[in-house]
1. Please calculate the 1.4 Å probe accessible area of residue 94, with all protein chains present, and give it to the nearest 10 Å².
2. Stretch residue 150-residue 63 to full length: gain in nm at 0.36 nm per residue minus the Cα-Cα span?
Amino acid sequence: MMKNALLLALLLALSASSFAQRNSAAKAAPGGGNQVLPLASSFLGTWEWHSGTDVFRIVLTRDNAYPAPNGKLYSVILGRHSYAKNGVVIEETFTKSPSVPKEWSLLTIPREEWRLVMGFMDQTKQKSGSAELIINPNTPNQLSFSLKETMGTVSLNTPNVVGFTIPTAMTLTRVP
């Protein structure tokens, strides 16, 4: 429950920040659960990064009726990921039930066509971060992925966990 609340807070903070800087024509409309928005459709699908025997994979999908705690529905992009180091799966979210709300690791309301700022949840360290995904329109099958610590409230009851389980800078390739 705490993880879900943290992710929602991250999503709302990232969305508010992004919204303030973006053209209002690009915003996702709340309450329009059946409204399909074309924004950021270039990100949808499966992406992979390989380095020796290490593999990071994300699958990004759209949910046009994602329920927020306030009861409104939003068009969002959701992601699941897996990370294997030296051939051993370190963490993954693909086997979590798709029928259980919030069993994803990446989430955003798309605001731009070629750039996403997403809330990210490190499953192993149980901490959130901010992931930036960028596609250069000239190389649409390559995705730049960078992960950063989030700024915000620190709990005095929870130890500060440094770093992430996954690499923080990668170039992923679209997988057919």
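The values are calculated or read from the model by the stated rules, or taken from the named source; none is laboratory data. Just so it is clear, the model here is predicted, and its values are computed rather than measured. Protein only, heavy atoms only, side chains kept; ligands, DNA and RNA dropped before computing areas. Shrake-Rupley method; radii C 1.70, N 1.55, O 1.52, S 1.80 Å.
1. In the full protein context, residue 94 sits at about 80 Å².
2. Gain in length upon complete extension: 28.9 nm.
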